[in-house]
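The values are calculated or read from the model by the stated rules, or taken from the named source; none is laboratory data. Bear in mind that the values here come from a model prediction, so they are computed numbers and not experimental data. As a convention, Cβ positions derive from the backbone with ideal geometry for all residues, glycine included, and neighbour counts pool all protein chains shown.
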Amino acid sequence: MNIYIPRKYHIKTFGCQANIADSGTLSGILESLGYEYSSVEDAENENLALIRTLSDVDLFVINTCSVRQKSEDKVYGIGKAVNHVQKEKGSRPFIVMAGCMVGSVTGERQRYEFDELRKKTPWVDLYINPSQIFDLPLKLQESHVLDEWAVQKFDPAGINSKQEDSRRAFVNISYGCDNFCTFCVVPYARGREVSRTEADILAEINHLVKRGKSEFTLCGQNVNSWGLSMSDKFEIRTGSDDKTPFADLLRKIHSLEEVEKIDFISSNPFDFTSDLIETLKLQKISNYLHIAVQSGNNDVLKKMNRRHSIEDFYSLVESIKQARPEIELGTDLIVGFPGETEEQFLDTIELVKKIKFNVAFIAMYSPRKGTPAQKFYPDDVPAKEKKRRHKLLTEAWKKSKDENN
Ligand code: SF4
């Protein structure tokens, strides 16, 4: 059997900061195996750049996102470019699909059948889910694209995450989520919530510091619960005085001399303790805080299985502003969740008017296969009405933001 050794690779990343951090780790792994990064960007449009990159590399990794259908559709669209390259060149790179689309069909919380994904992506050669990143060398060897000696030399502990921005780096501190908000694919796509150890996180930060990074974004689906046991995680509540491991971790990173700025994302309102609020007073903690509220109405929040009420959120914001009056706040909001009435929607308008968020990501609800919302609640707010609510909420938010400035 002919074993060929690919030399150039490219990673196309979709989705959130957790995926950006994972792609940095994947790059570090591939470069430790002798691959070189390649990207052809001087093309008239994105599709041509994709085709040229596919023609140039030996290994093409797609780090996928499942949060929105649009993201998944873009991934399916890559197949056309792969087939085009195969036709024109007579060959194509080895294609690896990673990320949440794979996690959704292979993890223990499978959302739908793996075969369904395989049928839609016959041009993919290897699938790895988010918990298998460090198995990539072995899987490449099993697929005959990597020699055994390279895999034997591979040392996961020696991997340096590779990240583009000159000063800023994304560091995953936990993976997965156990919260099961009813609209969300993450608990399925990324599996159980697992915290990395403090030693691992600090070692990665120290590696990155040596490579000139000084600004760090700590990523996780709910960073607040980093390091907590399953039972503690569900007991800790906003407004409580419980000490949290995450607040301690922030203090430790803050004490590193070379670290100049620390961000964290995602944070949720349900377990933002006073201990964590205290850390916002630390000088190197970013002045921007993102806390996803999703809706301004308690019945909708309940249906979303969010563990906070709107009153919790208002009092949390008040405490945060007391700790750091100049802080800028960002959030995520969904309009048109199943059953959302006009009155309930108006509560969300009220919320943005009151809080005057500096940043708001406003999404129109779209059912994601296999989630509780998709299974149990009919998607009964018409598309036209979702668009209207999206427009109204965006206008109300922008107006409130301008008043704030
Ligand atoms: S906290 Fe909720 S919205 Fe965030 S990742 Fe977990 S399930 Fe999804």
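Observations on the structure shown:
- Sub-9 Å Cβ pairs linking a first residue in the stretch 168-182 that is under 15 Å from Val223 (Cβ atoms) and modelled with pLDDT under 95 to a second residue that is β-branched (Val, Ile, Thr) and within 9 Å of the ligand (Cβ to nearest atom), at least 6 apart or interchain, are Gly176/Val186; Cys177/Val186; Asn179/Val186, ordered by first then second residue.
- Residues that are surrounded by 16 or more Cβ atoms within 10 Å (Cβ to Cβ), β-branched (Val, Ile, Thr) and part of a loop (DSSP other than H, G, I, E, B) within the stretch 322-349 comprise just one, Ile327.
- Whichever residue in the stretch 262-316 is more than 25 Å from Asp232 (Cβ to Cβ) and touching a residue at least 60 places away in the same chain (Cβ under 8 Å) and, among such residues, is surrounded by the fewest Cβ atoms within 10 Å (Cβ to Cβ): Tyr288
- Evaluation of Leu202 against (1) out of contact with any strand residue (DSSP E or B) (no Cβ under 9 Å at 6 or more places or on another chain); (2) farther than 19 Å from Ala18 by Cα; (3) assigned to a helix (DSSP H, G or I); (4) in contact (Cβ under 8 Å) with a residue 12 or more places away in the chain (one fails), failing number: (2)
- For Ile159, the criteria (1) at pLDDT below 85; (2) surrounded by fewer than 18 Cβ atoms within 10 Å (Cβ to Cβ) hold in every case but one, which is (2).
- Selection within the stretch 278-294 - more than 20 Å from the chain's Cα centre (by Cα) and not in a helix (DSSP H, G or I): Leu280, Lys281, Leu282, Gln283, Lys284, Ile285, Asn287
- Residue count for the stretch 225-273 satisfying the condition of being over 22 Å from the mean Cα position of the chain (by Cα) and of a type in the set (A, V, I, L, M, F, W, C): 3.
- Complete set of residues in the stretch 125-147 that are part of a loop (DSSP other than H, G, I, E, B), buried (at least 21 other Cβ atoms within 10 Å of the Cβ) and not polar (S, T, N, Q): Ile128, Leu146
- Failed item, numbered, when Glu72 is tested on (1) over 25 Å from His144 (Cβ atoms); (2) not in a helix (DSSP H, G or I): (2)
- Taking the criterion of being within 16 Å of the ligand (Cβ to nearest atom), aromatic (Phe, Trp, Tyr) and closer than 15 Å to Lys354 by Cβ, the only residue of the stretch 266-324 that qualifies is Phe313.
- Condition broken by Ser55, with the remaining ones in (1) under 29 Å from Ser266 (Cβ atoms); (2) out of contact with any Cys (no Cβ under 8 Å at 6 or more places or on another chain) satisfied: (1)
- Among the candidates Ser23, Ser55, Ser27, Ser39, residue that is buried (at least 18 other Cβ atoms within 10 Å of the Cβ) and out of contact with any Phe, Trp or Tyr (no Cβ under 7 Å at 6 or more places or on another chain): Ser23
- Whichever residue in the stretch 364-384 is touching a helix residue (DSSP H, G or I) at 6+ places or on another chain (Cβ under 9 Å) and at pLDDT 95 or above and, among such residues, is nearest to Phe183 (Cα to Cα): Ala373
- Residue within the stretch 211-225 that is part of a helix (DSSP H, G or I), more than 27 Å from Arg168 (Cα to Cα), of a type outside the set (Ser, Thr, Tyr) and within 15 Å of the ligand (Cβ to nearest atom) present: no
- Residues that are surrounded by 15 or more Cβ atoms within 10 Å (Cβ to Cβ) and within 16 Å of the ligand (Cβ to nearest atom) were ranked within the stretch 186-207; the one that is nearest to Gln294 (Cα to Cα) is Val186.
- So Asp275, is it assigned to a strand (DSSP E or B) and charged (D, E, K, R): no
- Of the residues examined, Lys384 is one that is surrounded by fewer than 18 Cβ atoms within 10 Å (Cβ to Cβ), more than 26 Å from the chain's Cα centre (by Cα) and part of a helix (DSSP H, G or I).
Let's see how each residue does on (1) of a type in the set (Phe, Trp, Tyr); (2) at pLDDT below 95; (3) in a loop (DSSP other than H, G, I, E, B):
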position	(1), (2), (3)
Ser240	no, yes, yes
Leu256	no, no, yes
Val259	no, no, yes
Phe264	yes, no, no
Glu311	no, no, no
Ile320	no, no, no
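- On the stretch given as the stretch 148-185, residues that are of a type outside the set (Ser, Thr, Tyr), away from the ligand (no atom under 16 Å from the Cβ) and part of a loop (DSSP other than H, G, I, E, B) total 9.
- With respect to the stated conditions, Leu59 is among the hydrophobic types (A, V, I, L, M, F, W, C), touching a Pro at 6+ places or on another chain (Cβ under 6 Å), on the phi < 0 side of the Ramachandran plot and at pLDDT 90 or above.
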